[in-house]
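Each remark here refers to the structure printed beneath this line.
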Amino acid sequence: MRFRSPFKVLDLKEEFGQLTFGTFVERLNRFVVLLLVNGELKKAHLSDTGRLRELLVEGAPLLLAPNPRGKLDYKVVAVKSGGEWVLINTQVHPKIAQGLIEAGCLGFKPKEILREVKRGRSRIDFLIDGDFYLEVKGCNLVKEGVCLFPDAPTERGRKHLEELIRLKREGFRAGVLFLAFRSCFSLRPNAETDSAFAEVFSEAKLSGVDFFAFRLVLKPLSGEVWAVEEIPV
C-alpha cells in the first residue's frame, strides 16, 4: 500500500462557496432533482448520471451548493445514506484525484500532471510524467462492505479500459484510480450490472494495467473531503 495516513484532499466550500442542506423529493430526469429547502420546493442539478437508486430515496438529506450561473437553484453535492455522506458531484472528481496524485498516493511524487489528454478514440483524465495514462472513476455503490463499479452499464467506461489496455501494450504505464465514497474494505467490478465491463476489467488486470482505490470521507459541516485509506481492488 502507498497510503500512509489520512489527509484533507479538497475543501468543497472553496470549490462551491457556502453549502446548505435540503431533502430529496424525486429525480425528475438524469440531471435534475426536486428537493425541499426550508420547506420550499426547489430544483437542483445532478452531475452524477448513475442510477443512484440506493441513495436517492424520498426523504434523504442532501448537501447542496449554490448555482448562480445555472438555470436551477442548486447543485447537488452529496446525499446522506446509512449514516454517511456520499459525494455524488462528479465535477470535483478531477481535483480529488489530482490531490491524491500530488500527495504520492500512487507510489511516487509526479513532476508533471496533464489533464484531459486526447489519445486514440478516448480522452484520458490524466497523463503523468509523460508516460502514465490514468483514468478516474467515482464509486458510490456498496454491498456487504464491498464497493462495486459501475452502478449502471457503462459503455464509456469499458472503452476507457480498452484504450488503457492498448496504451499498456504500446509500452506506456496505464491505470485506473477509483474514488470510493462509501464505507468499504475492497472494490471490485459489478459483474451483475455490467458483465462486459467486468470482462474487460479482468483483461486489463492481466495486461498489467494498474488499479488504485482510495476511500474518501466527506465532512458536511466543514465541507472537507478526506482521503482516509487505500483499499484493495
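Bear in mind these aren't lab numbers, they're just calculated from the coordinates by the rules spelled out. Everything quoted here is computed from the prediction, not taken from an experiment. Heads up, the Cβs are rebuilt from the backbone with ideal geometry, glycines too, and the neighbour counts pull from every protein chain shown.
Counting other Cβ atoms within 10 Å as a rough exposure proxy, the listed residues 118, 95 run 118, 95 from fewest neighbours to most.
Within a 10 angstrom radius of the beta carbon, how do 111, 205 rank from fewest other beta carbons to most? Walk me through the numbers before you get to the answer.
Details: 111 8, 205 16.
Neighbour counts put them in this order, fewest first: 111, 205.
Between the range 61-126 and the range 1-59, the alpha-carbon centres lie 13 Å apart. A simple spin-label model places the labels of residue 90 and residue 72 1.3 nm from each other, with each point 7 Å out along Cα-to-Cβ. Here residue 8 and residue 195 are evaluated by their C-beta separation; at R0 = 45 Å the FRET efficiency comes out at 0.75. On full extension, the segment bounded by residue 28 and residue 170 gains 46.7 nm, given 0.36 nm per residue less the C-alpha separation.
When the helices of the chain are scored as -39500 (n - 2.57) per DSSP H run of n ≥ 4 and the total is divided over every residue, the value at 222 nm lands at -5500 deg cm²/dmol. A Förster radius of 41 Å, combined with the Cβ-Cβ distance separating residue 38 from residue 156, puts the computed FRET efficiency at roughly 0.65. Counting beta carbons within 10 Å around each of 186, 81, 207 and listing the fewest first gives the order 186, 207, 81. Within the same chain, lysines fewer than 8 places from residue 159 are excluded, and of the rest, those with a Cα less than 17 Å from its Cα are 118, 137, 168, 205.
Shown for the chain are the DSSP H helices of 15 Å or more along their axis, judged by Cα atoms, with a mean Kyte-Doolittle hydropathy of at least -1.0: 195-206. Highest mobility in the GNM of the chain, judged by mean-square fluctuation with C-alpha springs under 10 Å and restricted to 189, 220, 110, is found for 110. Would you work out if the range 11-87 is rounded, prolate or oblate? Take a ≥ b ≥ c from the square roots of the eigenvalues of the alpha-carbon gyration tensor; rounded if a/c is under 1.5, else prolate when a/b is larger than b/c, oblate otherwise. Rounded, since a/c falls under 1.5.
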